[in-house]
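A short write-up of the structure that comes next.
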Amino acid sequence: MTAIKRITFVTLHVRRSAQAVPLAAATIAASLPEEYWATTSLIDGYLSQSDEEILSQIYEKSPQCVAFSLYVWNKHRVLELAEKIRTADPNIVLIVGGPEATACSLKLQQLDLFDAVVSGEGEAVFSSLIQKGGQINALKMSTIDCHPSDGIDLSKQVSAWLSGVLLPSHGVLWETSRGCPFQCAFCYDARGNSGVREIPFDRLEQELKLFVAHGVSQVWVLDSTFNYPAKRGKKLLRLMIDHAPQLHFHLEAKAEFIDQETVTLLQQVCCSVQVGLQSARPQILKHINRSLDVQKFQQKVKLLSDGGITFGIDLIYGLPHDDYAGLRESIDFALECSPNHVEIFPLSLLPGTKLFEQRQQFGLHALLSPPYTVTHSHHLTPQQFQQCRMLAEACDLFYNTGRSMAYFLPLCRGCGLSAVELLERFGHWLAIRRGDDESETLYSPLQVFELQQLFIQELFCQQQASELIPLAMDLIRFHTHWADTLLGEETLPCQICAKEKALLLEQKWCVSSSVRVESFNYDVDEVAMLADVDMIEFAEVEEQIGSTGLFLRRGEEVYCESIDDVFATLLKHSDGTSTAAAILAPFAMALTSEDFTELVYFAVSEGLLTAPLLTVAAADQVAVSRLS
């Protein structure tokens with residue numbers, strides 16, 4: 001018999017992204033004795049890959065043991081892969097663990113596919129399992145159940161990051177605690193244990209320093225409620241401020257425990273905060289073991305909004321006793337809080353949760369296999385579920401992808417509709433444009449930008465508010481260009497010597513790709529201040545004088561400046577085909593050649609204009625002339 005040494009951990013991710021990090025598998029691997037590390041490998045697979053591609057990666061490692069991390073999103077594919085491995089080489093030991101293995105351990109054992117099913121926290125279990133007699137045959141047909149109360153001592157846990165088993169890259173997952181203090185009926189994060197176990201802060205400090213040293217930019221904090229208890233959350237934020245304020249942290253928080261001190265600390269960290277609301281109806285939340293003080297929730301998220309903290313709100317439709325009217329009410333409530341985004345999910349009836357056990361009591365019907373999405377209930381017909389899905393998609397497109405937070409409520413007030421009424425109109429309008437194609441289309445932010453303008457023009461005409469269309473277009477364009485500039489490249493200044501300055505007018509220039517030049521119906525400086533002003537009042541007192549806005553980013557700051565016609569003409573027509581002198585010629589009666597030179601010098605030195613890129617043919621010609 002051969003001792004197990006070559007172990008391959010396989011994590012099948014939804015898609016390639018900065019979040020596609022095999023932290024769970026790496027943590028299990030780090031729990032093995034150090035002599036195993038050199039012969040242990042981690043494989044990242046993706047749902048877009050074929051089975052053959054993933055299997056090729058696995059067989060390349062010549063594994064004696066293959067361990068899969070099982071989640072809702074990858075269950076079917078993992079089972080298919082395991083079947084193929086079992087058929088191709090029955091001698092390979094197959095082990096499965098993870099959230100879905102914990103929830104469905106008995107069913108997995110009955111498949112007679114895996115040699116061991118690890119339920120619960122697997123570090124100590126997996127290590128002892130591998131070393132059990134040191135033999136492959138000793139593992140056959142093992143079933144291991146790690147009860148939630150048997151959670152490992154996190155003070156003794158080996159860090160996947162600090163051990164070098166997992167190397168930090170652009171994005172990392174950062175586990176700061178385990179467990180959940182709440183018992184939400186739709187979730188099994190608490191896993192039967194209402195306590196929270198903290199990872200020691202000295203280890204967290206070392207991991208943060210490691211992330212900074214490796215140039216990490218984004219950190220997803222694996223803590224279901226980072227701010228509970230509030231004292232722990234504040235301590236964690238201070239750790240981020242002291243050692244990694246430049247990293248972007250993604251946090252999950254509970255609104256009840258947000259206070260001004262927490263917001264003050266969040267302001268010193270580059271972060272975004274996700275707040276779980278689920279429903280704005282307290283009578284619905286009680287069925288999933290949650291509660292809501294509506295006024296208190298509004299006060300708490302207002303602290304985030306007033307503090308300039310990027311935050312989102314989560315909603316779920318299909319909850320027990322909830323209906324379409326409930327989703328409408330929840331969306332209206334959430335959007336009135338002015339979050340940066342709203343995530344709306346259908347309820348998933350996850351095996352192992354309290355709600356799964358109560359499904360008959362509440363008349364909940366769901367898919368029998370992942371993702372276990374609820375299809376209908378006593379209070380929602382299948383058709384009404386489709387209505388909910390369409391409304392959720394409309395919100396995701398117009399509000400999230402369209403990045404409309406800054407102007408959404410002013411648009412609603414301008415056309416006399418509530419937030420959810422506008423989204424319903426958008427959803428129906430979009431369905432008509434699609435026609436018979438019922439598949440969900442993936443729209444880019446640019447496509448949504450164009451859809452928003454078309455829809456709002458039609459909507460304002462229907463609402464007898466056509467006089468506000470020019471202002472509505474200005475609002476959409478201003479905030480879209482602002483957001484695109486913030487997310488785009490930085491505009492960097494350029495050094496120009498005196499000799500080069502004299503030749504600037506005779507050269508051809510291109511406006512920098514990081515710069516945006518946009519025409520507006522109103523004074524762009526006034527449009528920028530419109531958030532707190534009613535559209536109707538604004539249109540009554542302001543004239544459509546027309547203006548041009550220049551958008552650029554320096555560091556983390558976005559600047560929008562109103563520029564005159566001369567400068568606007570130079571930037572808009574600098575496309576590499578005409579010299580600066582030719583572009584500015586129409587203004588020769590008003591300005592001197594020296595004025596033109598100073599204007600072009602300013603544009604080039606500030607990085608607004610750049611030399612045009614050579615075409616391939618032109619580049620070849622330059623190369624030949626240099627050789628000759």
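Restricting GLU561, GLU557 to residues that are within 22 Å of GLY607 (Cα to Cα) and in contact with a Leu (Cβ under 6 Å, 6 or more places away or on another chain) narrows the list to GLU561.
Checking ILE284, ILE288 one by one, the residue that is in contact (Cβ under 8 Å) with a residue 60 or more places away in the chain, farther than 27 Å from GLN206 by Cα and touching a helix residue (DSSP H, G or I) at 6+ places or on another chain (Cβ under 9 Å) is ILE288 and no other. Only one of the numbered conditions (1) touching a helix residue (DSSP H, G or I) at 6+ places or on another chain (Cβ under 6 Å); (2) in the same structural domain as GLU542 (by TED's automatic domain parsing); (3) of a type in the set (A, V, I, L, M, F, W, C) is violated by ALA498, and that is (1). Scanning the range 211-258 for residues that are over 23 Å from HIS341 (Cα atoms), buried (at least 19 other Cβ atoms within 10 Å of the Cβ) and among the aliphatic types (A, V, I, L, M) yields a total of 4.
Can you pull out the residues in the range 334-358 that are surrounded by fewer than 20 Cβ atoms within 10 Å (Cβ to Cβ), assigned to a helix (DSSP H, G or I) and either under 24 Å from the mean Cα position of the chain (by Cα) or modelled with pLDDT of 95 or more (or both)? Result: GLU336, single match. If you check ILE331, ILE432 for being under 26 Å from GLN452 (Cβ atoms), among the β-branched types (Val, Ile, Thr) and within 24 Å of the chain's Cα centre (by Cα), only one passes: ILE331.
Counting only helices (runs of 4 or more DSSP H) wholly contained in the range 405-492, the ones carrying 3 or more residues that are among the basic types (Lys, Arg) occupy 419-434.
Look at ALA406 and say whether it is in contact with an Asp or Glu (Cβ under 7 Å, 6 or more places away or on another chain), closer than 30 Å to ALA539 by Cα and of a type in the set (Gly, Ala, Ser). When the stated conditions are applied, ALA406 does not pass them.
For the range 507-525, residues that are surrounded by 19 or more Cβ atoms within 10 Å (Cβ to Cβ) and either of a type in the set (Phe, Trp, Tyr) or farther than 21 Å from LEU609 by Cβ (or both) total 4. Condition check for LEU591 on (1) modelled with pLDDT of 95 or more; (2) touching a helix residue (DSSP H, G or I) at 6+ places or on another chain (Cβ under 9 Å); (3) of a type in the set (A, V, I, L, M, F, W, C): one failure, at (1).
Among the residues of the range 325-379, those that are touching a residue at least 12 places away in the same chain (Cβ under 8 Å), of a type in the set (A, V, I, L, M, F, W, C) and closer than 30 Å to PHE408 by Cβ comprise LEU327, ILE331, PHE333, ALA334, LEU335, CYS337, VAL342, ILE344, PHE345, LEU347, VAL374.
The values are calculated or read from the model by the stated rules, or taken from the named source; none is laboratory data. Keep in mind the model is a prediction, meaning the values are calculated, not measured. FYI the Cβ positions are ideal-geometry reconstructions off the backbone, even for glycines, and counts take in every protein chain you see.
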